[in-house]
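Peer 1: Got a structure here, written out as structure tokens. Questions coming.
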Amino acid sequence: DARVTQTPRHKVTEMGQEVTMRCQPILGHNTVFWYRQTMMQGLELLAYFRNRAPLDDSGMPKDRFSAEMPDATLATLKIQPSEPRDSAVYFCASGPLWVGANEQFFGPGTRLTVL
Amino acid sequence: AQSVTQLGSHVSVSEGALVLLRCNYSSSVPPYLFWYVQYPNQGLQLLLKYTSAATLVKGINGFEAEFKKSETSFHLTKPSAHMSDAAEYFCAVSDGGNQFYFGTGTSLTVIP
């Protein structure tokens, strides 16, 4: 049963440290999304990729966040340096090429705590 | 541009009672509409979707939603709530491209 996987599931780090979150999209999916979920802001779109190319990262703080897809089986989200306000659950989702009419498949999330 | 509004961030119902979660959308083109559910400590999963076929859409776990263009609504219903329905529910809209717009979510509590 195909699933989106995310690692790590939980991460506790200290302010100023680099954090890397990884996502393996479902094989064959061409679109990958990164979301952040907090109690205050709800679900926010950070970035999305189509065929490994970034299409929109306007939701991402550019000075500290970066998102890449080094290959079709791996998407990464990095925060450097991390800050306490980055504490949230980060979700990766993948979908077929034209995902608008189709389902996004969400991973289980990475719960990040920045002390 | 598209957007969704979910009325009521928290809804409580008694077990066995009707569940009604409200979603209104804004779209300049015929929309694709979705309901997702999120159980504690899990990612979102699709409950159902509307893609311009039948206006009454049936989903998993006994949920259904009706697309009403005149009211720009896509409310989620279930005739009889079960304890296992307690979760966060998100409505989402798309214009068919690669942008999804999620609502702020409605937390459903089921009272035994």
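Peer 1: List the residues of the stretch B:28-46 whose backbone N lies under 18 Å from a point placed 7 Å from the Cα of A:ARG3 along the Cα-to-Cβ direction.
Peer 2: Only B:37-46 fall inside the zone, counting backbone N under 18 Å.
Peer 1: Follow-up question, since we're still on this one. Can you list residues from other chains, or at least 5 along the same chain, whose modelled amide H is less than 5 Å from the amide H of B:LEU48?
Peer 2: For B:LEU48, whose amide H was placed from the backbone, the distant partners under 5 Å are B:TRP35.
Peer 1: Still on this model: Using the Karplus curve 6.51 cos²θ - 1.76 cosθ + 1.60 with θ = phi - 60°, work out ³J(HN,Hα) for each residue of the stretch A:102-111 in order, rounded to whole Hz, and write x for Gly and Pro.
Peer 2: Whole-Hz 3J(HN,Hα) from phi for the stretch A:102-111: 10, 6, 8, 9, 8, x, x, x, 10, 8.
Peer 1: Please report the spacing between the Cα centers of the stretch B:51-100 and the stretch B:1-17 in Å, no decimals.
Peer 2: Rounded to whole Å, the Cα centres lie 11 Å apart.
Peer 1: Could you list log10 I(q)/I(0) for the protein assembly as shown at q = 0.08 Å⁻¹, which the Debye formula gives when each Cα is one point scatterer?
Peer 2: Log-scaled intensity ratios, in q order: -0.29.
Peer 1: Tell me which of B:LEU47, B:GLY16, B:VAL110 sits at the most positive position along the dipole axis of chain B, charges placed on C-beta atoms (Lys, Arg +1; Asp, Glu -1).
Peer 2: B:LEU47
Peer 1: Working only with C-alpha atoms, what are the Rg and Dmax values of the stretch B:4-112, expressed in angstrom?
Peer 2: Final numbers for Rg and Dmax: 13.2, 42 Å.
Peer 1: Comparing B:PRO79, B:PRO31, B:PRO40, which has the greatest mean-square fluctuation in the GNM of chain B with Cα pairs linked when under 10 Å apart?
Peer 2: Residue with maximal mean-square fluctuation among B:PRO79, B:PRO31, B:PRO40: B:PRO40.
Peer 1: Residues of A:107-113, mean number of Cβ from any other protein chain within 10 Å of their own Cβ, rounded to a whole number?
Peer 2: 2
Peer 1: Send over the per residue convex hull volume for chain A, Cα only, as a whole number of Å³.
Peer 2: Looking at chain A, the number lands at 97 Å³ per residue.
Peer 1: List the residues whose amide H sits under 5 Å from the amide H of B:GLU15, counting only those 5 or more places along or on another chain, with H placed 1.01 Å from N in the peptide plane.
Peer 2: B:ILE111
Peer 1: Continuing with the same structure: Relative contact order (percent) for the stretch A:2-99, with alpha-carbon contacts under 8 angstrom and 6 or more residues of separation?
Peer 2: After rounding, I find 37 percent.
Peer 1: How do A:ASP86, A:ASP71 line up, fewest other C-beta atoms within 10 Å first?
Peer 2: Listed from fewest to most nearby Cβ atoms, that is A:ASP71, A:ASP86.
Peer 1: Still on this structure, I have one more. Rank A:SER87, A:SER58, A:SER66 by mean-square fluctuation in a GNM of chain A with C-alpha springs under 10 angstrom and give only the top-ranked residue.
Peer 2: A:SER58
FYI, it's all coordinate maths here, none of it is from the lab. None of these values were measured; they are calculated from a predicted model. Neighbour counts run over all protein chains shown; Cβ positions are idealised from the backbone, glycine included.
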